[in-house]
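The values are calculated or read from the model by the stated rules, or taken from the named source; none is laboratory data. Treat the numbers as computed from the prediction; the structure is a model and nothing was measured. All Cβ positions, glycine included, derive from the backbone under ideal geometry; neighbour counts span all protein chains shown. Note: areas computed on protein heavy atoms with side chains; ligands, DNA, RNA excluded. Shrake-Rupley method; radii C 1.70, N 1.55, O 1.52, S 1.80 Å.
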Amino acid sequence: MPDSHLVNIHLDEKAVVRRAADVEHERAVAIYDLLESNVFKPIGDYTGPYSLRLRAEENRLQFNIFDAEDTRRLGSVALPLAPFRRIVKDYFTVCESYFEAIKTASPSRIEAIDMGRRGLHDEGAALLRERLDGKIEVDENTARRLFTLLCVLHIRG
């Protein structure tokens, strides 16, 4: 599947909000890592590579898939956001604890919180892969990075 990958990704946001520097860094790293290495294959008669416009709207996560030049829309996939709410909320809570802990906590405490954070991230990525099954094929690392972007899209001012 040499052409089954993303070459461009945009977060479509109706109301762009000012985010904390660490959140912007995570967004930028996720996009960079996605573009460096990913598996993204929409199910159907499509030929990649692809551009992706990702948006959260009306309680759905919308994957708008375009050709590599980002000029021709090839299709879209909408996933309900409700199944992700608990994981995203828990993930944000643990991330807040982590960023507080790195200021004053012991290394073992920071490591324990980080393990919980990674576990929730893995759970979110697995749920995303499950929900995309039969619609878009993604590998584990692509799902992890897309879950990061899903979380970024949840942040409102």
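Keeping the other protein chains in place, figure out the carbon and sulfur percent of the accessible area of the chain, with a 1.4 Å probe.
49 percent
Can you tell me the 0 to 90 degree angle between the C-alpha axis of helix 85-104 and the longest principal axis of the chain, rounded to 10?
40 degrees
For R60, which sequence-distant residues (separation of 5 or more, or a different chain) have an amide H within less than 5 Å of its own amide H, given hydrogens modelled in the peptide plane?
The answer is L81.
Summing -39500 (n - 2.57) over the DSSP H runs of n ≥ 4 in the chain and dividing by its residue number, what mean residue ellipticity at 222 nm do you reach, to the nearest 500 deg cm²/dmol?
Taking each H run of at least 4 residues, the total per residue is -17000 deg cm²/dmol.
If N is the number of residues in the chain, what value comes out of its Cα radius of gyration divided by 2.2 N^0.38 Å?
Rg over 2.2 N^0.38 Å, computed on Cα atoms: 1.07.
What number comes out for accessible area per residue over the stretch 1-150 if the probe is 1.4 Å? Units Å², please.
Spelled out: the 1.4 Å probe surface of the stretch 1-150, per residue, equals 56 Å².
Could you give each residue of the stretch 139-151 its phi-based ³J(HN,Hα) in whole Hz, using Karplus coefficients 6.51, -1.76, 1.60 with θ = phi - 60°, and x for Gly or Pro?
For the stretch 139-151, the Karplus-derived couplings read 8, 4, 5, 5, 4, 4, 5, 5, 5, 4, 5, 4, 4 Hz, x marking Gly and Pro.
Pick from R129, R60, R27: which is most flexible by mean-square fluctuation in a GNM of the chain where alpha carbon atoms under 10 Å apart are linked?
Largest GNM mean-square fluctuation: R60.
Taking amide hydrogens as modeled 1.01 Å from N in the peptide plane, which residues meet the under 5 Å criterion relative to H5, leaving out close sequence neighbours?
F40, Y50
Magnitude of the Cβ-charge dipole of the stretch 44-157, K/R +1 and D/E -1, about the Cα centre, nearest 20 debye?
Charge dipole of the stretch 44-157: 380 debye, to the nearest 20.
If you average the sequence gap of Cα pairs under 8 Å that are 6 or more apart and divide by the length of the chain, what percent do you get for the contact order?
With pairs under 8 Å counted, the relative contact order is 28 percent.
Considering the alpha-carbon set of the stretch 113-157 alone, what are its Rg and its Dmax in angstrom?
Cα radius of gyration and Dmax of the stretch 113-157 are 11.1, 34 Å respectively.
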